[in-house]
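The values are calculated or read from the model by the stated rules, or taken from the named source; none is laboratory data. Remember, it's a predicted structure, so these values are computed and weren't measured experimentally. Neighbour counts are summed over all protein chains in view; Cβ atoms, including those assigned to glycine, are modelled from backbone coordinates with ideal geometry. All accessible areas refer to the heavy atoms of the entire protein, side chains included, with ligands and DNA or RNA removed. Shrake-Rupley method; radii C 1.70, N 1.55, O 1.52, S 1.80 Å.
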Amino acid sequence: MGACVPKASAMADVAAAKTSGPRMPAVYINHGGGPLPLLGKQPGIAEFLGSYAGTLPRKPTAILVVTAHWETGSELKVSGGKAHSLYFDYGGFPKESYEYTYSAPGSPELATRIISLLAEKGLRCTADASRGWDHGVFVPLMLMFPEASVPVVSMSLYSSQDASQHMEAGEALQCLRDEGVLIVGSGASFHNFGYFFARDAAVRSKGVKHSQLFHSWLAETVQSESVSPEERKRRCRAWVEAPGAREAQPQGQAEHLMPLFVLLGAAGYHPGRLLNVAQEADGFSMSEFEFP
């Protein structure tokens, strides 16, 4: 599954110029709970995100963030403005967490390119120049790229929470990685508030166990060299059958897993590698993967 070929245009010349240099990886991260990583309340997450950019083969030409906090029905959307405000889509946190700024430029050119690549696969996507970057975008980027000098585009998810749809979208975006675009899947592999906020220790312990079971399945499915690309795709289509899956990602609340499927498509279903298991004091396992 090689790089896609852009249509002939001035934008194609720009894309061609960006292909020199090593291919940019794609990375699936745990963005944490609201602004907690920025407030020093989730130091493990903050430390991992803060160190990640230093591992990249080169500075990205742009960053595409597939965010779990933006679902847009049966068609995708991308942020299409030259600049975007921040969308503080959380509540009950200190005043300072509503005063953050992140001045990275947007990229209407990249937004247009994404729309075109998706259209070539028959997938509808439109640009939204007004929606702010939600916390699935700005929280990790403030830690990963604090200088805010790399252009950013965010992309939504389908509301269906269907793995196949998201993998197909990812397939269309593979060539962006050859153009220096870092694709970030921003979500969480375990996202069940019933367990996160359980006061009963036994209930929380049960949730931790489910997170570990699902992490083990994800780690084997994503990383194993003995799993073919076709088998990896098949497994991910049927992810709900995995051990602990529906306890990790409840029915109708699995949006935080969907960015991983976009990345799998963008990786051509080749193996990824486990970068981190983000375990805070509560013990819930959160899998973070990179696709070289």
message = Please compute the contact order of the chain in relative form: average sequence separation of alpha-carbon pairs under 8 Å and at least six residues apart, divided by the residue count, as a percent.
response = 29
message = Please compute the Kirkwood hydrodynamic radius of region 111-222 from all pairs of different C-alpha atoms, in Å with one decimal.
response = 17.0
query = For the chain, which whole-number percentage of the solvent-accessible area (1.4 Å probe, protein heavy atoms only) is attributable to carbon and sulfur atoms?
reply = 53
message = Exceeding 30 Å between C-alpha atoms, which entries from my cross-link table qualify? They are 77/233; 41/206; 41/233; 59/206; 82/233; 59/95.
response = 41/233; 59/206; 82/233; 59/95
message = Out of the chymotrypsin sites (Phe, Trp or Tyr not before Pro) in region 147-239, which ones are loop residues according to DSSP with at most 15 other C-beta atoms within 10 Å?
response = 197
request  = Scan the chain and report its longest stretch carrying no trypsin sites (Lys or Arg not before Pro) that are both in a DSSP loop and have at most 13 other Cβ atoms within 10 Å.
outcome  = 200-292
query = Sequence-distant or interchain residues sharing an amide H contact under 5 Å with residue 106, placed H: which?
reply = 83, 84, 152
remark   = Taking R0 as 25 Å and r as the Cβ-Cβ distance between residue 202 and residue 241, the FRET efficiency 1/(1 + (r/R0)^6), rounded to the nearest 0.05, comes to 0.45
query = Can you list residues whose amide H is under 5 Å from residue 127's amide H, if they're 5+ apart or on another chain and H is modeled 1.01 Å from N?
reply = 78
query = What fraction of the DSSP beta bridges in region 56-190 is antiparallel, stated in percent and rounded to the nearest 5?
reply = 5
Size of charge dipole - region 52-209 - debye, nearest 20, with Cβ of Lys, Arg +1 and Asp, Glu -1, no other charges = 360
query = How about region 213-292: which GluC sites (Glu not before Pro) there lie in a loop by DSSP and see at most 10 other Cβ atoms within 10 Å?
reply = 225
ask   = Considering amide H positions built from the backbone, and no H for Pro or chain starts, which residues 5 or more places from residue 272, or on another chain, come under 5 Å of its amide H?
value = 223
Accessible area expressed per residue, the chain, with surrounding protein chains retained (probe 1.4 Å, Å²) = 40
ask   = Label 7 Å along Cα→Cβ of residue 129; region 79-97 residues with amide nitrogen under 11 Å?
value = 80-83
message = Cut-off 10 angstrom, C-alpha nodes, Gaussian network model of the chain. Which of 178, 282, 162 fluctuates the most?
response = 282
note = Residue separation between residue 225 and residue 164 times 0.36 nm, minus their alpha-carbon distance, gives in nm 19.8 nm
query = If you build a Gaussian network model of the chain, linking Cα atoms that sit under 10 Å apart, which residue out of 253, 161, 174 swings the most?
reply = 253
remark   = Kirkwood-based Rg/Rh on the Cα set of region 46-179 evaluates to 0.96
